[in-house]
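A.B. asks: Quick one: the structure is below, and I'll ask about it shortly.
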Amino acid sequence: MITPRIVIAGTHSGTGKTTIVMGIAAALKARGVSVQTFKTGPDYIDPGFHSAASGRPCRNLDSMLLEKDPLLELFHRGSEGSEISIVEGVMGLFDGATGVDDRGSAASLARLSDTPVVLVVDARSMARSAAAVVRGFASFDPYVSVKGVIFNRIGSPRHFEMVKEAVESTTEVKVLGYLPRDEALALPERHLGLVPAWEREDFPSYLDHLAGLVEDNVDLDALLSLARKARPFPSHRSELFPYPSVPKRIDIAVAMDKAFHFYYQDNLDILTHMGANLVPFSPIDDEKIPPEASALYIGGGFPELFAPDLETNLSMREDVKKKAEEGMPILAECGGLMYLVQAIETPEGKVHSMAGVFPGRMSMGKRLRALGYCEGETLTDTLLGPKGKRILGHVFHWSSYEGPDDAPIALRLSKGDSTTEEGLAKNNVLASYLHIHFGSDRTIPESFLETALRWQEKRA
């Protein structure tokens, strides 16, 4: 089966990949084309923009966290029902694990899935040199097929003609179009990356403007043709969804509001497939955890930005602490960890009370504290498995934990030659900075659900 698909990758970070993918998705959607977007690597913010542009949940594909078969399974499954799949790369096309290893890169994903690549080139202050850049990327790896290029920040129609002539006279890469230099297209940023789409009141008008520029300046028919000429999708085993979904057997409350919204869509799908009924709730706006819930999943987000709102909701904080003490299984990642301690201290020194499931506080720094892929090992039995359970994941945070010496530390994280101990665990609660992709180890969501089922039976 041929799955129409392309990878849109940059020469480096900041070329405008997110803007171009978003614009293409919105423009194609306006034409009535069903678009499925994906993001390379462990990103939560860019997928929010793509979901808004396409009208379908964006999904993550990560060749560092996922083996080949589950990665291809999730790519193929996520593409079902769409007319084209568009994958945004990460950093530059070949940037991955190390200088000699491109695992985790857009190139790795393109190679594993046999997907053609469209290169995004920032053409500011560039003319014929653009051809050298494109030619270099197109010839660097014979197993990565760079078929097209889109230029960003073009200064004028004449500028575009110059770079187009340069590329098409010296390479076989097709020039698909460009986006003009337009300050209105810049996306605002803060400490964890781009400001999420849903926080921008002007986002609908921004998206309309962007889609119009893409429609006017990018050859979408040629792009669709390129995607349709992709080779048949590689064969793979079905390991994550190998059987019909299990009938609903348990309710899991999922924190979903402006403070907590960092989740892999495939994590939610895997839980649902295994028999969970996911019940969204807001730690900011709701009084208590949904009464039908037998487990709680609190993902990452921006609790530090909405700490006053979280603090104000005393009834929710008390209910979360009460349920944790009663033994409700709670899985919390990064922002969820911050919510479960006693308090968050902002960079300005203001302290806001949180749920208090664990002792200590989180202090927000003015610089990045940790970033990268890690391998975790549990230091005690947890809801994800017995002591010594190995868990792959990714960390990205500006906060640090300050607690008592006898705090119930949960994990030993290894990154290269460095090792740290972090996270907290007690009863059926596991909270850490580690973001986990359930596709990396199917036993992790199975253990989570089994723990929840046992607690459900106990309280029945």
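The values are calculated or read from the model by the stated rules, or taken from the named source; none is laboratory data. Not measured: the values here are computed from a predicted model. Here the Cβ positions follow ideal geometry from the backbone for every residue, glycine too, while neighbour counts run over all protein chains shown. These accessible areas exclude ligands, DNA and RNA; they are computed on the full protein's heavy atoms, side chains included. Shrake-Rupley method; radii C 1.70, N 1.55, O 1.52, S 1.80 Å.
A.B. asks: Somewhere in region 368-381, is a residue touching a Ser or Thr at 6+ places or on another chain (Cβ under 8 Å), under 29 Å from Glu292 (Cα atoms) and in contact (Cβ under 8 Å) with a residue 12 or more places away in the chain?
C.D. replies: no
A.B. asks: Return the only residue of Lys229, Lys248 being surrounded by fewer than 18 Cβ atoms within 10 Å (Cβ to Cβ), in contact with a Ser or Thr (Cβ under 9 Å, 6 or more places away or on another chain) and more than 30 Å from Ser353 (Cβ to Cβ). Show your work before the answer.
C.D. replies: Working: Lys229 fails: in contact with a Ser or Thr (Cβ under 9 Å, 6 or more places away or on another chain).
So the residue among Lys229, Lys248 that is surrounded by fewer than 18 Cβ atoms within 10 Å (Cβ to Cβ), in contact with a Ser or Thr (Cβ under 9 Å, 6 or more places away or on another chain) and more than 30 Å from Ser353 (Cβ to Cβ) is Lys248.
A.B. asks: Among (1) assigned to a strand (DSSP E or B); (2) free of Cβ contacts under 8 Å to residues at least 60 places away in the same chain; (3) open to solvent by 20 Å² or more (accessible area, probe 1.4 Å), there is one condition His261 misses while meeting the rest; what is its number?
C.D. replies: (2)
A.B. asks: Taking Ala132, is it among the aliphatic types (A, V, I, L, M) and open to solvent by less than 10 Å² (accessible area, probe 1.4 Å)? Show your work before the answer.
C.D. replies: Values: among the aliphatic types (A, V, I, L, M): yes; open to solvent by less than 10 Å² (accessible area, probe 1.4 Å): no.
So Ala132 does not fit the description; no.
A.B. asks: While we're on this one: How many of the residues in region 53-70 are surrounded by fewer than 21 Cβ atoms within 10 Å (Cβ to Cβ) and either among the β-branched types (Val, Ile, Thr) or in a helix (DSSP H, G or I) (or both)?
C.D. replies: Total meeting the criteria: 2.
A.B. asks: Still on this structure, I have one more. Could we say that Gly136 is modelled with pLDDT of 95 or more and assigned to a strand (DSSP E or B) here?
C.D. replies: Values: modelled with pLDDT of 95 or more: yes; assigned to a strand (DSSP E or B): no.
No: the conditions fail for Gly136.
A.B. asks: Can you say whether Thr98 is open to solvent by less than 30 Å² (accessible area, probe 1.4 Å), closer than 20 Å to His12 by Cα and either out of contact with any Cys (no Cβ under 9 Å at 6 or more places or on another chain) or not in a helix (DSSP H, G or I) (or both), as far as the supplied structure shows?
C.D. replies: The answer is no for Thr98.
A.B. asks: Within region 390-402, which residues are closer than 26 Å to Ala295 by Cβ, of a type outside the set (Ser, Thr, Tyr) and open to solvent by 40 Å² or more (accessible area, probe 1.4 Å)?
C.D. replies: Start the filter on region 390-402 by keeping residues that are closer than 26 Å to Ala295 by Cβ, which leaves 390-397, 399, 401.
In the following step, the residues that additionally are of a type outside the set (Ser, Thr, Tyr) were identified as 390-397.
Arg390, Leu392, Phe396 - these are the residues of region 390-402 that are closer than 26 Å to Ala295 by Cβ, of a type outside the set (Ser, Thr, Tyr) and open to solvent by 40 Å² or more (accessible area, probe 1.4 Å).
A.B. asks: Quickly run through region 409-419 and pick out the residues that are modelled with pLDDT of 90 or more and open to solvent by 40 Å² or more (accessible area, probe 1.4 Å).
C.D. replies: Matches in region 409-419: Ile409, Arg412, Ser414, Thr419.
A.B. asks: Any residue at all in region 309-317 that is surrounded by fewer than 20 Cβ atoms within 10 Å (Cβ to Cβ) and among the charged types (D, E, K, R)?
C.D. replies: yes
A.B. asks: Against the conditions (1) open to solvent by less than 40 Å² (accessible area, probe 1.4 Å); (2) outside any strand (DSSP E or B), where does Glu348 fall short? Just the number, please.
C.D. replies: Result: Glu348 fails condition (1) only.
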